[in-house]
Amino acid sequence: MRLFKPTAAQRGRQATLILSFLFFASLMFLLFQGGKLASTLFAVVCLLSAYLVLGKWSGIRRTQAVREISAADGTGKVQAGQSLQIKLKIQVPGVWPIPYLLIEDELVRSSGERTVMKGSVVLNWMRRGEFVYKTPPLRRGHYSLERAEFATEDVFGLYEHKGSVQLPYGFVVMPQMIEIRHWAQFSQSPRGARHHSVTARMQRETTQINGVREYIHGDRLSRVHWNATARTGTWKSKEFERETLPKMVIVLDRSKQNYGSPAEFELAVSVAASLLHFGTQRNIAVGLVSSGRESLMAVPKTGSRHEDVLMDHLVEVEPDGFRPLQQAVNNADGMFSPGALVVYITPAKNSDLLSLLHWTDKQRMLACHLCVCGAKGGPADVWVRRLHSLGFMGYGVHTLAELPAVLGGGTKIYA
């Protein structure tokens, strides 16, 4: 059986009635009885009433606060699965004694999910205090912090006084990514001289310098741009023009029926984000086909701005697709060009996907299937071996940490 717990407003009304009764009773006692006892009792009731009433002007309504936010791991980036450390620096003006301060801070996700953080702080003699808390592991998405609410009570817990401060702040939790240092088959031909000649032109560099990029582990010393390295204090490498700009189109399956759990879809999004970052680092024109409630058909482009646009879409993407992959690809037919690498990220292992891979090959493009599935072994490995026997690029990805090793690179996870 649940016990009835009165709210702060109900407690305040009850306290007012009791206090009024005590004041009237002590006054009548003083008027009709008199004496030291009656005088002392009336004085105590008056002092108690003054303390309880004046608490309303304790300064809680004029509370000042500053919010400081940092990733729990000490970096400025926030990726899915990480937590934020939030510090509220509080100062309450005035001189009226405050026994403690109750604090509520609300974290709102763009989908409407709300997380309320509660705590209490005892102020120092300067009426200042700090409230530090750590959020639970965050899902990818856009988040906002708006108003911080404060409350205090008298020492008897009869009256509650509230105040609030507007501290708007928004941040983005990116999909979890992992660094792909090398993709062995990306620069090799899976089959046929035609594919080899197209890929060779994509990878062959001229002697014309096209700019400066961040140093990638494994770059030769001859590629290091020493002047830019000395000027910026970080390693920089020369970027040379290619005979033909390589293109990669990522096709993300968003059909909920194909995923066995939400974790599988999160893995698919993380794989897509990692490939996008891999392509941007190596000046590969990357496009994205994502069909769902909010679809995106982005033609292959290079540059960090294009990466930001695609990454912002991946932040909010959900498994709400209702079209088959073949239909989504047909709707984006103008994005594909001969020689492009088309990467299908889906846990599907059926004849429809196989037909899509054959269609991609007939369009003179390279087809690749990244089969994301939580369980190792079993049908996924059988499916990948079947793709290899047919001459297609296929990989089974069970966890994000193994993606670089599957593709032929390292295993460094972004912090």
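Assorted remarks:
- Residue in the stretch 127-137 that is among the aliphatic types (A, V, I, L, M) and modelled with pLDDT under 90 present: no
- Taken as a whole, the structure leaves residue 325 outside the set of residues that are crowded, with 21+ Cβ neighbours inside 10 Å, under 30 Å from residue 79 (Cα atoms) and within 26 Å of the chain's Cα centre (by Cα).
- For first residues located in the stretch 346-362 and at positive phi and surrounded by fewer than 19 Cβ atoms within 10 Å (Cβ to Cβ), partners that are of a type in the set (Phe, Trp, Tyr) and outside any helix (DSSP H, G or I) and lie 6+ apart or on another chain with Cβ distances below 6 Å do not occur.
- Among residues of the stretch 51-73 that are assigned to a strand (DSSP E or B), those with a beta-carbon under 8 Å from a residue that is at pLDDT below 80 and surrounded by fewer than 16 Cβ atoms within 10 Å (Cβ to Cβ) at least six positions away or on a different chain give the pairs 70/76; 71/77.
- Residue list for the stretch 276-308, restricted to those being touching a Lys or Arg at 6+ places or on another chain (Cβ under 6 Å) and either touching a residue at least 60 places away in the same chain (Cβ under 8 Å) or surrounded by fewer than 18 Cβ atoms within 10 Å (Cβ to Cβ) (or both): none
- Residue in the stretch 340-347 that is assigned by TED's automatic domain parsing to the domain that holds residue 260 and more than 25 Å from residue 301 (Cα to Cα) present: yes
Residue-wise test of (1) more than 30 Å from residue 269 (Cβ to Cβ); (2) touching a helix residue (DSSP H, G or I) at 6+ places or on another chain (Cβ under 7 Å); (3) modelled with pLDDT of 90 or more.
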| site | (1), (2), (3) |
| --- | --- |
| 37 | yes, no, no |
| 43 | yes, no, no |
| 48 | yes, no, no |
| 64 | yes, no, yes |
| 96 | yes, yes, no |
| 143 | no, no, yes |
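- Odd one out for residue 31, checked against (1) surrounded by 12 or more Cβ atoms within 10 Å (Cβ to Cβ); (2) modelled with pLDDT of 80 or more: (1)
- The listed residues are 355, 389, and the only one of them that is at pLDDT 90 or above, in a helix (DSSP H, G or I) and within 23 Å of residue 247 (Cβ to Cβ) turns out to be 355.
- In the stretch 332-352, the residue that is nearest to residue 255 (Cα to Cα) out of those that are of a type in the set (A, V, I, L, M, F, W, C), outside any helix (DSSP H, G or I) and at pLDDT below 85 is 332.
- Candidates are the residues of the stretch 269-323 that are β-branched (Val, Ile, Thr) and either outside the structural domain of residue 257 (by TED's automatic domain parsing) or assigned to a loop (DSSP other than H, G, I, E, B) (or both); the one that is nearest to residue 405 (Cα to Cα) is 284.
- Any chance residue 329 is within 19 Å of residue 370 (Cα to Cα), touching a residue at least 12 places away in the same chain (Cβ under 8 Å) and not in a helix (DSSP H, G or I): no
The values are calculated or read from the model by the stated rules, or taken from the named source; none is laboratory data. What you see is a predicted model; the values in this text were computed from it and never measured. Quick reminder, even Gly has a Cβ in these numbers, built from the backbone with ideal geometry, and neighbours come from all protein chains shown.
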